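Just below is one structure, and these are the notes that go with it.
The values are calculated or read from the model by the stated rules, or taken from the named source; none is laboratory data. Because the structure is predicted, anything quoted here is derived from the model rather than measured. Cβ placement follows ideal geometry from the backbone for every residue including glycine, while neighbour counts extend to all protein chains displayed.
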Amino acid sequence: MHKVWLTAKREYLERIRSRAFRISTLIIPLVFGLIFGIGALSGRMANGPRHIVVASNDPLLAEGVAAELRAQRDPDSPNRAGSASPPLRVEARALAGSNAVEELNRAIADKQIDAYLLLDIQPGAARPEATYASSSSVDLAANGRVQNAIAHALVREELVKRGMTAAGIEALLKHVDLKTVQIKDGRVVASDATKNFFGAYAMAFLLYFTLVFYGMNVAQSVAADKSSRVFEVLLASVGPRTILAGKLLGVGSAGLTQLFIWIGCLLVFNASSLAASVLVGGLAAYGITPLRVIFFVLYFLLGYFFYSALSAGLGAMVSQESEVQQFAMLIVLPLVLAIASIVYILGNPAAWPVVLLSLVPPLTPIVMCLRMSAMTVPWWQLALSVLLMVASIYGILSVSSRIYRIGILMYGKRPDLPEIMRWLRYS
């Protein structure tokens, strides 16, 4: 154990003293903040067309739909009055003439307007035929607003025909604010679905990035040791399994140090006055609580040892450092699968497929953290996931240490599968 700790100390100090460690510790949080900041800003700026024409052979319907589109504008949009961006302009036109549609198409082509809504009421039809045309092929937000505007305008028109007053119609069609809460352990707690999603996504993506980064770091370090003369001298006094154990502990400690630095900076930021204005409700509003941070660190350690043991075996099999990237996808694929399923996992945290995925060791760290962000996970599932991870780590370490013990001294060629199986049979 003394030699293991000496090897771990060497690996740890070598990494935390490197320029790459200092740069990544500073740059990675900034990159994460920039990514989520750009995402939030682009979401606020994505307001769709700014000049829409509503054309119909029923002038009253066209004016009603145009009024609904104007009323549906988000008051927090950057295009509000007084903003530097041009305001939303909705124009109602009577559809007349056989070439009216061609004129609207030319107006879009000449960038005189951004989109038009065509409402054609056929004789005897109860509902108009609606056609929305714009210069963008993907305009989901505008499409939703247009559908709501048409529905409200038709309801308003029908209520007017039935003799309902304008005040009554406004009260009936007034937007209802929806308050979301979550039931946890039989108690009602405040919940914001959007904030919880972003908080869960940020923690899952950070976990994914750190596991991939440090796992590949171990694989590249092992591959680099194979061509190092210093490593050959080290093998004369320290066994290969001792070196592998020290490498995993040293690199893992460096990763944990970096993680604690980020968590500490996040806690300091959360206690500042700037966080009160930027993060309304603090980190707790985004589902980042002390208990989840503890489990985040736990699953980081479990995931690190699992993927680093795999990476060490991979690094011992390749003949040079550049070949590590060719096999990286085999290790990263389970984590990519977990990230790709984030919407389904957060929407169905108690469904049996999600529970099963959270107990599969390669997927456990990310899937279980996502489930904890969406619900109170039963204690037996948490305990079982940890036990399965520990058992899997033990098995992977046993296999990887055998591959590492022989593969670390192999030069010049990449072993095939039968040869690797022979390595595993060696005592």
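Looking at (1) at pLDDT below 80; (2) under 24 Å from PHE198 (Cβ atoms); (3) surrounded by 13 or more Cβ atoms within 10 Å (Cβ to Cβ), which is the only condition GLN72 fails?
Only one criterion in (1) at pLDDT below 80; (2) under 24 Å from PHE198 (Cβ atoms); (3) surrounded by 13 or more Cβ atoms within 10 Å (Cβ to Cβ) is unmet by GLN72, namely (2).
Looking at the structure I just gave you, is GLY281 at positive phi, surrounded by fewer than 17 Cβ atoms within 10 Å (Cβ to Cβ) and modelled with pLDDT under 80?
For GLY281, the condition - at positive phi, surrounded by fewer than 17 Cβ atoms within 10 Å (Cβ to Cβ) and modelled with pLDDT under 80 - is met.
Only one of (1) surrounded by 11 or more Cβ atoms within 10 Å (Cβ to Cβ); (2) at pLDDT below 75 is not met by SER42, so which one is it?
Only one criterion is unmet by SER42, namely (1).
Checking the conditions here, which among ASN148, ASN105 is more than 12 Å from VAL65 (Cβ to Cβ), at pLDDT 80 or above, outside any loop (DSSP other than H, G, I, E, B) and not charged (D, E, K, R)?
Working: ASN148 fails: more than 12 Å from VAL65 (Cβ to Cβ).
Unique residue meeting the criteria: ASN105.
Count, please, the residues in the stretch 298-352 that happen to be in contact with a Lys or Arg (Cβ under 7 Å, 6 or more places away or on another chain), among the hydrophobic types (A, V, I, L, M, F, W, C) and more than 22 Å from LEU244 (Cβ to Cβ).
Residues in the stretch 298-352 being in contact with a Lys or Arg (Cβ under 7 Å, 6 or more places away or on another chain), among the hydrophobic types (A, V, I, L, M, F, W, C) and more than 22 Å from LEU244 (Cβ to Cβ): 1 in total.
Got at least one residue in the stretch 213-222 being among the hydrophobic types (A, V, I, L, M, F, W, C), under 22 Å from the mean Cα position of the chain (by Cα), at pLDDT 80 or above and surrounded by fewer than 19 Cβ atoms within 10 Å (Cβ to Cβ)? Give the steps one after another, and end with the answer.
Of all residues in the stretch 213-222, those among the hydrophobic types (A, V, I, L, M, F, W, C) come to 213, 216, 218-219, 222.
Subset that is under 22 Å from the mean Cα position of the chain (by Cα): 213, 216.
Filter once more, so that each one left must be at pLDDT 80 or above: 213, 216.
Add one more test, that the residue is surrounded by fewer than 19 Cβ atoms within 10 Å (Cβ to Cβ), and what stays is 213.
Yes: one or more hits.
So, ARG162, is that one farther than 17 Å from ALA92 by Cβ and modelled with pLDDT of 80 or more or not?
Criteria met by ARG162.
Output the number of residues of the stretch 235-263 satisfying the condition of being part of a helix (DSSP H, G or I), among the β-branched types (Val, Ile, Thr) and surrounded by fewer than 17 Cβ atoms within 10 Å (Cβ to Cβ). Full working, then the answer.
Step one: filter the stretch 235-263 for residues part of a helix (DSSP H, G or I), giving 235, 240-263.
The next check asks that each one be among the β-branched types (Val, Ile, Thr); those that pass are 242-243, 251, 257, 261, 263.
From the residues that got through so far, the ones that are surrounded by fewer than 17 Cβ atoms within 10 Å (Cβ to Cβ) too are 257, 261, 263.
Looking only at that region, the number is 3.
Confirm whether LYS3 is surrounded by 12 or more Cβ atoms within 10 Å (Cβ to Cβ), at pLDDT below 80 and over 30 Å from TYR201 (Cβ atoms).
Working: surrounded by 12 or more Cβ atoms within 10 Å (Cβ to Cβ): yes; at pLDDT below 80: yes; over 30 Å from TYR201 (Cβ atoms): yes.
Considered against the rule, which asks whether it is surrounded by 12 or more Cβ atoms within 10 Å (Cβ to Cβ), at pLDDT below 80 and over 30 Å from TYR201 (Cβ atoms), LYS3 comes out as yes.
Restricting to the stretch 374-401, and then to whatever is touching a Lys or Arg at 6+ places or on another chain (Cβ under 7 Å) and touching a residue at least 40 places away in the same chain (Cβ under 8 Å), can you tell me which residue is nearest to ILE331 (Cα to Cα)? Please lay out each step first, then the result.
Within the stretch 374-401, the subset touching a Lys or Arg at 6+ places or on another chain (Cβ under 7 Å) is 376-377, 401.
With touching a residue at least 40 places away in the same chain (Cβ under 8 Å) added as a condition, the list becomes 376, 401.
Values: THR376: 29, SER401: 17 Å.
So, considering only residues that are touching a Lys or Arg at 6+ places or on another chain (Cβ under 7 Å) and touching a residue at least 40 places away in the same chain (Cβ under 8 Å), the one nearest to ILE331 (Cα to Cα) is SER401.
Checking the structure you have, find out if any residue of the stretch 184-204 is of a type in the set (Asp, Glu), in contact with a Gly (Cβ under 9 Å, 6 or more places away or on another chain) and modelled with pLDDT of 75 or more.
No, because not a single residue in the stretch 184-204 is of a type in the set (Asp, Glu), in contact with a Gly (Cβ under 9 Å, 6 or more places away or on another chain) and modelled with pLDDT of 75 or more.
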